[in-house]
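Report on the following structure.
The values are calculated or read from the model by the stated rules, or taken from the named source; none is laboratory data. Treat the numbers as computed from the prediction; the structure is a model and nothing was measured. As a convention, Cβ positions derive from the backbone with ideal geometry for all residues, glycine included, and neighbour counts pool all protein chains shown. Note: areas computed on protein heavy atoms with side chains; ligands, DNA, RNA excluded. Shrake-Rupley method; radii C 1.70, N 1.55, O 1.52, S 1.80 Å.
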Amino acid sequence: MISAFRLLRAPLCALALATLLAAPAAAADIFTVRGVHVDKTAESATAARSAAQVEGQRLALIAMMKKLTLPDDWASLPAVDDATAQNAVRGFQVASEKTSSTRYIAEMIVSFQPEAVRRLLRGAGIPFAETQARPALLLPVLRQDGKLVLWEENNPWRDAWASLHPADELAPLILPIGEIMEMSAVPAETAISDSEEAGTALSDLAANYGASEVVVAVAALGADGTLQVTLTHRGGAAPSEPLNGTYRAEGRDLPQLMTAAAADMLSGIAVQWKRQIIVRDGKLSTLTVQADFATLSEWETIRKGLTSTPLVQDMEVAGISPRGAEIRISHKGSTEMLALSLAQQNVTLSDRTAAPAEARPVEDDVAPMGAAAVRSAPRWRLSIRQ
């Protein structure tokens, strides 16, 4: 989720944004597609508008299916006609609208009914992702004329990322505000450093935005006009390989070149995430876990994390006490995939056998519900992610 803000100059804005930053970044609606460009000509402005909006919904549904699936499967996506698209639409908005007597141009934002999209993909036998990654903090560093540029206003690389507005991506990004304290704590040199001190500074900056991962995108503009981009992940629940790309102008000006490069990198981040989270078969597995919590609020976070994770198909509380619960989870995918999905909900799934401490007996703190007492704690443990 990229939130693009300029340097603050008004105290009132600073107060409002300070309140915003105090809260963790919220997940966005992944069943929404933004920036659908339409341009239609007809015998009248009304006819052109109608045709453009119909076409925009169809194009948006194609983009919607691509967003949830891997490029490997795009050739097998079901064909979409106007009726199919309109039946799947939940609603749409129009922005940047321009009309003449016979022409209509606009950018559309289209939201879809989740179950309608799921039915289309399931009917075609195509695996898809619904789990959204936790937002990561994006630091776009431009290397130009021997200098590093990050926070400065004349950073076209930052502007390119901001123009994409990927608020509903599966792997959302946050573009930081760029206030004085942030500039001081993480200058451009620190952003690209691998030192332990730099890692701590990046982690602290990400925490201010409710994120645990930082994505550093370094763009180097060559003398021949080519753009070399290297994107690395720092922190996060699961390691991701660096992304690299070389981009040539090919008739595009610098802002267009940088926007195309940023869009390609954004797509690469999404593909990395989908490869980690998409389940290629529909087989269900059952996992018995011990949920540990100290307060009712922590229990609610764990319970909500389970019910909000698309991989979890069903859950049954077998026993509960003021300090813990035993839960049987029916889920798709591997245990590792389930753990990664739950981590996006601030819930940790860990293996007790990997810890040095001995497991506590369940009968000491979990009261069984309608069954005989379990003699030992389950191997797997659920807890609030720290």
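General remarks:
- Applying a threshold of 6 Å to beta carbon distances and a minimum spacing of six or more residues, or different chains, the list of pairs starting in region 248-274 at a residue that is among the hydroxyl-bearing types (Ser, Thr, Tyr) and ending at one that is open to solvent by less than 40 Å² (accessible area, probe 1.4 Å) reads Thr259/Ala160.
- Selection status of Ile180, open to solvent by less than 70 Å² (accessible area, probe 1.4 Å), over 15 Å from Asp29 (Cα atoms) and modelled with pLDDT under 95: no
- Selection over region 57-92 of residues that are basic (Lys, Arg) and surrounded by fewer than 18 Cβ atoms within 10 Å (Cβ to Cβ) gives a count of 2.
- Qualifying residues in region 219-231 (those that are modelled with pLDDT under 95 and surrounded by 13 or more Cβ atoms within 10 Å (Cβ to Cβ)) - the one farthest from Leu68 (Cα to Cα): Gly225
- Matching residues in region 109-134 - criterion: being aromatic (Phe, Trp, Tyr) and within 21 Å of Gln276 (Cβ to Cβ): Phe128
- Positions within region 121-162 being under 16 Å from Leu257 (Cα atoms) and either surrounded by 16 or more Cβ atoms within 10 Å (Cβ to Cβ) or in contact with a Pro (Cβ under 8 Å, 6 or more places away or on another chain) (or both), in sequence order: Pro140, Val141, Leu142, Arg143, Asn155, Pro156, Trp157, Arg158, Asp159, Ala160, Trp161, Ala162
- Qualifying residue in region 149-157 (condition: within 19 Å of Leu68 (Cα to Cα) and in contact (Cβ under 8 Å) with a residue 24 or more places away in the chain): no
- Looking across region 331-386, just one residue is in contact with a Phe, Trp or Tyr (Cβ under 8 Å, 6 or more places away or on another chain), modelled with pLDDT of 90 or more and charged (D, E, K, R), and that is Asp351.
- Residue within region 60-69 that is modelled with pLDDT of 85 or more, in a loop (DSSP other than H, G, I, E, B) and under 19 Å from the mean Cα position of the chain (by Cα) present: yes
- Residue ID - surrounded by the fewest Cβ atoms within 10 Å (Cβ to Cβ), chosen from residues in region 295-324 that are touching a helix residue (DSSP H, G or I) at 6+ places or on another chain (Cβ under 8 Å) and closer than 26 Å to Arg118 by Cβ: Met315
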